[in-house]
Amino acid sequence: MPTSALPPCGKNARHRSLSRALVATALLAVTVSVANVQAQSVGIVTTPAGSFSNSAGSAIAKVLVDQAKLRAIVQAQAGTGFEEVESGSADFNVSNAFDATFYATGTGEYEGMGAKATMRHVATMLPYRVAMHVRADSGIRTIQDLKGKRVSSGFNAQKTIARIIEAHLANGGLKYTDVLRVPAPNVTRAAEDFKSGKVDVLFFALGSAAVKEAAASVGGLRVIEVDTAPVALARTQAILPGSYVIKVAPAPSLDGVLQPTNLIAFDMVMIASAKVSDDIVYRSVKALHDNKAELVATFPPFALFQPENMTRAVQSVPLHPGAERFYREAGLIKN
């Protein structure tokens, strides 16, 4: 073969070698990029272990790990987690709509702390169905029967709970001054006080692990139905804006609900800071929207989750841009 034929072959070989190197470099870049995405961590603040929001937060975290490929960490603590979200030490918290409004506007339990303009709504998840529970053999039948009884109070680490109990008392025409107040820092301590006989009534969200434990400890529970008369509901909603009445049917997972019963409800929401990246929020809400079955498998009360209602607004808390992007793509926001 003439030597003049060799240079073209050598040139082609060099091109092939260069091409392979470029492909290898590109593949390495993609691999590193994917690894970095998968390594992204998000913190989700919930109330203490055993609480409704903690169980819900754990289910949410599992979906974010499995479906959004985020490293989601549940941070159970005594408080609501708004301060952590605002400071950036957590990405999300699992709270309720009225408390998010109070925090964002510097009202309610956050009076004097100033408005928090960085708070953003991520998703409305499902209703908190809450109730005052008594022992199955208790003579307490109505809210009015709580007059003079021992009721958990204070909740310095979880002030929202005191407000919700106050709203229940108001439903029956009572105030905290009409009951014997037993201070507790949070719902977990209040549940312990109920099991040990220090208080006569247990406030908790239906379906919580703590309620099931209390039922087993005291030999069964019964929830107290709320009054649905307009005047009674007006008293409730004056203290608990955005709350509503929901009729709850008996179910194996709902200790204390012995017949269809009217109870107070309000929305569970996920809140983030405007500082949380659009990408993380987008991937999170997409994963939650698309994977109700996995949420339910981990925490059965998510059967009440309606993905089409994730955009239900929270007063005075704007929607996060990352969430808005997905909701528009999914057709949940059309204007």
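Any read-out appearing in this document is the output of simple, stated calculations on the displayed coordinates, not a laboratory observation. Since this is a predicted model, take the numbers as computed values, not measurements. Positions of Cβ are backbone-derived with ideal geometry, glycine not excepted, and every protein chain shown enters the neighbour counts.
Computed values, structure above
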read-out	value
For a label point 7 Å along the Cα-to-beta-carbon line of Ser217, residues of the range 176-197 with backbone N under 20 Å	180-197
Listed pairs Lys69/Lys159; Lys147/Lys198; Lys292/Lys334; Lys195/Lys247 exceeding 24 Å between Cα atoms	Lys69/Lys159; Lys195/Lys247
Most positive-pole-ward Cα, Ala72, Ala205, Val314, against dipole of the chain from beta carbon charges	Ala72
The chain: relative contact order as a whole-number percent, Cα under 8 Å and 6+ apart	23
P(r) tail fraction, the chain - alpha-carbon pairs more than 32 Å apart, %	36
Amide N of the range 155-199 lying under 15 Å from the label point, which is placed 7 angstrom from the Cα of Ala238 along Cα→Cβ	166-177
Residue-averaged [θ]222 nm for the chain, counting only DSSP H segments that reach four residues, each worth -39500 (n - 2.57)	-12500 deg cm²/dmol
Cα-based Rg of the range 41-114 normalised by 2.2 N^0.38 Å, two decimals	1.13
DSSP-loop trypsin sites (Lys or Arg not before Pro) across the range 295-330, with at most 15 other Cβ within 10 angstrom	Arg312
Relative exposure of Thr142, Thr118, judged by other C-beta atoms within 10 Å (fewest first)	Thr142, Thr118
Computed magnitude of the charge dipole of the range 29-154 (debye, nearest 20; Cβ of K, R +1, Cβ of D, E -1)	420
Charge dipole (debye, nearest 20) of the range 116-266; +1 at Cβ of Lys and Arg, -1 at Cβ of Asp and Glu	360
Dipole axis of the chain (+1 Lys, Arg; -1 Asp, Glu on Cβ), positive-most option in Val122, Leu180, Pro252	Val122
Fewest-first ranking of Ser153, Ser208, Ser87, using other Cβ atoms within 10 Å as the exposure measure	Ser87, Ser153, Ser208
Distance between modelled label sites at Ala274 and Ala229, nm, 7 Å Cα→Cβ extension	4.7
Fraction of antiparallel bridges per DSSP, the chain only, in percent to nearest 5	65
For the range 40-329, size of Cβ-based charge dipole, Lys and Arg +1, Asp and Glu -1, in debye	320
Neighbour-count order for Phe326, Phe305, fewest beta carbons within 10 angstrom listed first	Phe305, Phe326
Kyte-Doolittle mean at least -0.5, axial Cα span of 15 Å or more - DSSP H helices of the chain	6-39, 52-66, 159-171, 278-290
Ellipsoid semi-axes in whole angstrom, largest first, where each is sqrt(5λ) of the Cα gyration tensor of the range 208-335	32, 20, 13
